[in-house]
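A.B. asks: Below is the structure I would like to discuss, written out as structure tokens.
The values are calculated or read from the model by the stated rules, or taken from the named source; none is laboratory data. Keep in mind that what you see is a predicted model, and the values were worked out from it rather than measured. No Cβ is skipped: glycine too gets one built from the backbone with ideal geometry, and neighbour counts run over all protein chains shown. The area values use the complete protein model at the heavy-atom level, side chains included, leaving out ligands, DNA and RNA. Shrake-Rupley method; radii C 1.70, N 1.55, O 1.52, S 1.80 Å.
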Amino acid sequence: GDSAPTFGDLFAEVFQRNASPRPERGADLHLSLRLSFEDSLRGGARQVTVARLVHCRQCLGTGYVQAAERRCAPCQGSGVVKSTRNHMVFSKACTACGGTGTQAHTRCPACHGRQLEMLSEALTVTLPPGLQDGARVRLPGKGHAGPNGGDAGDVYIAVQVEADSRFVREGDDLHLTVPIAVHEAALGAKIELQSFDGIVRLLTGKYAIMNMI
């Protein structure tokens with residue numbers, strides 16, 4: 001009938017069973033980092049601690065370790081496994097032992113065959129100067145390791161910048177409101193301001209009050 005499998009379907013199933021698992025890319029990690037206003041301007045190095053999956057250090061990410069040679073359980077030592085489909089019998093080499101009928105490895109006791117283990121790690125983040133609130137910093141290859149020997153994902157750090165009581169940032173510019181007396185606005189004055197780099201001296205022009213709202 002129309003629902004009967006074709007030879008292509010049958011052989012495709014066999015080939016799919018024989019195919020080795022493909023490496024998969026690991027998942028990304030997302031963190032947040034809170035910075036003071038001044039630290040966001042200066043940049044520098046910071047440390048963050050992440051808990052991420054890495055390839056098992058005992059089995060090197062294979063999921064198995066060497067053991068005494070024994071008869072292969074899945075194929076009962078024959079080296080061949082059989083499957084049936086609509087009265088047809090297919091034989092293929094046992095993937096557990098590679099067709100040898102014996103096994104010289106066992107499931108890794110550290111990761112229990114999962115290939116991965118959890119590890120807490122301190123990472124150094126280099127922050128460029130001038131980061132704005134909401135900026136993201138990427139650490140490539142520091143996310144979760146991928147199954148079957150796949151590449152690790154990335155770490156993305158969202159930066160949260162605290163507001164400053166004196167300065168307001170607009171793009172790359174800093175704005176500061178300074179109160180002055182009427183006579184200073186009319187006659188001009190020298191004003192000292194405390195900036196992040198030390199004392200800054202400003203000279204106000206005459207009639208500055210006309211520019212005030």
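A.B. asks: Which condition does residue 146 not pass, out of (1) open to solvent by 80 Å² or more (accessible area, probe 1.4 Å); (2) in contact (Cβ under 8 Å) with a residue 60 or more places away in the chain, if it passes all the others?
C.D. replies: Result: residue 146 fails condition (1) only.
A.B. asks: State all residues of segment 33-59 that are of a type in the set (Ser, Thr, Tyr) and surrounded by fewer than 14 Cβ atoms within 10 Å (Cβ to Cβ); if no residue qualifies, say none. Give the derivation first.
C.D. replies: If we filter segment 33-59 for residues that are of a type in the set (Ser, Thr, Tyr), which is where we start, we get 36, 40, 49.
Correct list: 36, 49.
A.B. asks: Please find, among 84, 62, the residue that is within 21 Å of residue 150 (Cα to Cα) and open to solvent by 60 Å² or more (accessible area, probe 1.4 Å). Please lay out each step first, then the result.
C.D. replies: Values: 84 fails: within 21 Å of residue 150 (Cα to Cα).
Testing whether each residue is within 21 Å of residue 150 (Cα to Cα) and open to solvent by 60 Å² or more (accessible area, probe 1.4 Å) leaves just 62.
A.B. asks: While we're here: Please go through segment 100-125 and give me each residue that is outside any loop (DSSP other than H, G, I, E, B) and at pLDDT 90 or above, ordered by number.
C.D. replies: 116, 117, 118, 119, 120, 121, 122, 123, 124, 125
A.B. asks: If you take the residues in segment 162-200 that are in a helix (DSSP H, G or I) and either of a type in the set (Asp, Glu) or without any contact (Cβ under 8 Å) to a residue 12 or more places away in the chain (or both), which one is least open to solvent (accessible area, probe 1.4 Å)?
C.D. replies: Of everything passing the filter in segment 162-200, 184 is least open to solvent (accessible area, probe 1.4 Å).
A.B. asks: Go through segment 140-161 residue by residue and tally those that are part of a loop (DSSP other than H, G, I, E, B) and at positive phi.
C.D. replies: 1
A.B. asks: Going through 164, 154, 197, 172 one at a time, which residue ends up being under 26 Å from the mean Cα position of the chain (by Cα) and charged (D, E, K, R)?
C.D. replies: On inspection, the qualifying residue turns out to be 154.
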